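The values are calculated or read from the model by the stated rules, or taken from the named source; none is laboratory data. Everything numeric here is computed off the predicted structure, so don't read it as measured data. Reconstructed Cβ throughout: ideal geometry from the backbone, glycine too, with neighbour counts over all protein chains shown.
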Amino acid sequence: MKVRRLFIGALGVMALASVTVFGASSSAASAGSSAKAAKAACKGSIAIEAPFATGPAIPQGLEQLHFAELAVAMFNKANGTSFTLGQDDTGLNPALATTRTNAIIASKALAVVGPSGSQEVEAVGPLLAAAGMAAVSPSATLPALTTSGANKTFFRVVPDDNVQGPDDAHYIIKHKLAPAGSTILIIDDQEAYSQGITAVMIPILQAAGFTVNHQSYNGADTGATLNSDMSSLVTSQVTATTKVIILPWQSGGNAELFAQTLAQQGKTATLFGTDGTNSPSQFVAPGTYVSAFGPDISTNKSALDKSLVKGVAKYGPYGPFGVPTWEATTIVLDAIDSVCKAGKTPSRANVLAAVRKTNIPASQSDLGLPVKFAPNGNLAGSPGFLFHINAKGKYVEIPDK
């Protein structure tokens, strides 16, 4: 399956060639009417599972929701289809994700965009597999999601932590963000994503000669408890030998609170956040490095990127979570449309089969690389992006990391 890219400003229903209808005229007008009827017949619903209303990552979840809404609107306008998007907030909470997923399975939805968090996929991936529903995640990166065998209908358009973790660790080493022999503090938030990427990074940093101080806190804490967590970590774990602090969390807000606490106590260290903290509306500590699985498209000149930037402008600032979500949503929509084009009625089974055949060349991908899926659902390519937050709190992409 090959995803088509038709852009805002140049959208329109693609004219079909001749269509022969039993008992109808073979005139051009009749063929055109038949083509429109065939296109209009392609409809169906999909659902997005993202943390856009509750939990610690609402800005990222809203970004995902808005890019998914844009993808549906663009696809329908370009192709004359009638697809709808169900919106299911999960809050990065496995229990809530389970409730939402069961409701989606009981509905007429053909496929899912998401879930967003690795801990959510761990909880609901087997349910979606049992229902035969394709789930294309724009942000779940835990390697075990595709190696455990439990999530047989799961796909992702982002690399797993076995790509991001080493990339980030090697950047710290190569660019000497910490002096040889110094201490690197890495703090996980006790969630699957955070613990997974932490486990990948620690041995690389230790092999390079750093002392790694591994700590953790409960990422679900809020209010006074969260403030106490941050204060205790900075007070007890950040010493004169601590030169880099890695925050592999799923909350940009928590990362910003940690940065503020560090400054309040008069302590300094280079902060390095992973993709879960990449939130330009929340985490803006100057001098920080933040990795990501999506590019900055704000200044890109391609027709696709310009149309995406224009389409989401009304929602305000966004980070790297939107672009992969647009890609994931469009993949699902194109899978359904390809079933219609084959003269079949879309079902969960044939849509799943179509998703597996995804093959998008780099020139047609908003991620800037070919998009294909390995048999286990992993992205065949391995993109990686890195940003540095400047003195004004702006994310600046590092082109050659």
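To keep it simple, each residue is scored yes or no on (1) charged (D, E, K, R); (2) under 14 Å from ALA134 (Cβ atoms).
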{"site": "ASN300", "(1), (2)": "no, no"}
{"site": "GLY322", "(1), (2)": "no, no"}
{"site": "ALA328", "(1), (2)": "no, yes"}
{"site": "VAL339", "(1), (2)": "no, yes"}
{"site": "THR358", "(1), (2)": "no, yes"}
{"site": "LYS372", "(1), (2)": "yes, no"}
{"site": "LEU379", "(1), (2)": "no, no"}
{"site": "ALA391", "(1), (2)": "no, no"}
{"site": "VAL396", "(1), (2)": "no, no"}
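Those residues that are outside any loop (DSSP other than H, G, I, E, B), buried (at least 24 other Cβ atoms within 10 Å of the Cβ) and at pLDDT below 95, I need them from region 43-60; list them, please.
Answer for region 43-60, where residues must be outside any loop (DSSP other than H, G, I, E, B), buried (at least 24 other Cβ atoms within 10 Å of the Cβ) and at pLDDT below 95: just GLN60.
With the requirement that a residue be in a loop (DSSP other than H, G, I, E, B) and out of contact with any Leu (no Cβ under 7 Å at 6 or more places or on another chain), what does region 233-244 give you? THR239, ALA240, THR241 - these are the residues of region 233-244 that are in a loop (DSSP other than H, G, I, E, B) and out of contact with any Leu (no Cβ under 7 Å at 6 or more places or on another chain). Counting the residues of region 282-303 that are surrounded by 21 or more Cβ atoms within 10 Å (Cβ to Cβ) and in contact with a strand residue (DSSP E or B) (Cβ under 9 Å, 6 or more places away or on another chain) gives 8. Checking each residue in region 342-379 for being modelled with pLDDT under 85 and within 17 Å of ALA140 (Cα to Cα) picks out only LEU367.
All of (1) free of Cβ contacts under 8 Å to residues at least 12 places away in the same chain; (2) within 16 Å of PHE154 (Cβ to Cβ) hold for VAL121 with one exception: (1). Scanning region 260-281 for residues that are crowded, with 24+ Cβ neighbours inside 10 Å and in a helix (DSSP H, G or I) returns ASP275, GLY276, THR277.
Could you tell me which residue of region 192-242 is surrounded by the most Cβ atoms within 10 Å (Cβ to Cβ), considering only residues that are of a type in the set (Phe, Trp, Tyr) and within 29 Å of the chain's Cα centre (by Cα)? Once the filter is applied, the top-ranked residue is TYR193. Taken residue by residue, region 221-232 has at least one member that is assigned to a loop (DSSP other than H, G, I, E, B), farther than 29 Å from LYS310 by Cβ and among the charged types (D, E, K, R).
Determine whether region 321-333 contains at least one residue that is outside the structural domain of HIS170 (by TED's automatic domain parsing), in contact with a strand residue (DSSP E or B) (Cβ under 6 Å, 6 or more places away or on another chain) and of a type outside the set (Val, Ile, Thr). Looking through region 321-333, at least one residue is outside the structural domain of HIS170 (by TED's automatic domain parsing), in contact with a strand residue (DSSP E or B) (Cβ under 6 Å, 6 or more places away or on another chain) and of a type outside the set (Val, Ile, Thr).
Only residues that are of a type in the set (A, V, I, L, M) and either under 23 Å from SER281 (Cα atoms) or in the same structural domain as PRO320 (by TED's automatic domain parsing) (or both) were counted in region 197-243, giving 4. Looking only at residues of region 380-391 that are part of a loop (DSSP other than H, G, I, E, B) and either acidic (Asp, Glu) or modelled with pLDDT of 95 or more (or both), we find that the one that is farthest from VAL290 (Cα to Cα) is ALA391. Among the candidates ALA328, ALA349, ALA362, ALA354, the residue that is closer than 19 Å to ALA47 by Cα and within 19 Å of the chain's Cα centre (by Cα) is uniquely ALA328. The residue that is nearest to ASN93 (Cα to Cα), among those in region 265-298 that are free of Cβ contacts under 8 Å to residues at least 24 places away in the same chain and more than 20 Å from the chain's Cα centre (by Cα), is THR268.
Got a number for residues in region 204-220 being closer than 22 Å to PHE293 by Cβ and either free of Cβ contacts under 8 Å to residues at least 60 places away in the same chain or in a helix (DSSP H, G or I) (or both)? Explain how you work it out, then say what you get.
First, the residues of region 204-220 that are closer than 22 Å to PHE293 by Cβ: 204-205, 219.
Subset that is either free of Cβ contacts under 8 Å to residues at least 60 places away in the same chain or in a helix (DSSP H, G or I) (or both): 204-205.
Qualifying residue count for the region: 2.
Would you confirm whether any residue within region 304-311 is of a type in the set (S, T, N, Q), out of contact with any Pro (no Cβ under 8 Å at 6 or more places or on another chain), exposed (fewer than 15 other Cβ atoms within 10 Å of the Cβ) and in contact (Cβ under 8 Å) with a residue 60 or more places away in the chain? No, every residue in region 304-311 fails to be of a type in the set (S, T, N, Q), out of contact with any Pro (no Cβ under 8 Å at 6 or more places or on another chain), exposed (fewer than 15 other Cβ atoms within 10 Å of the Cβ) and in contact (Cβ under 8 Å) with a residue 60 or more places away in the chain.
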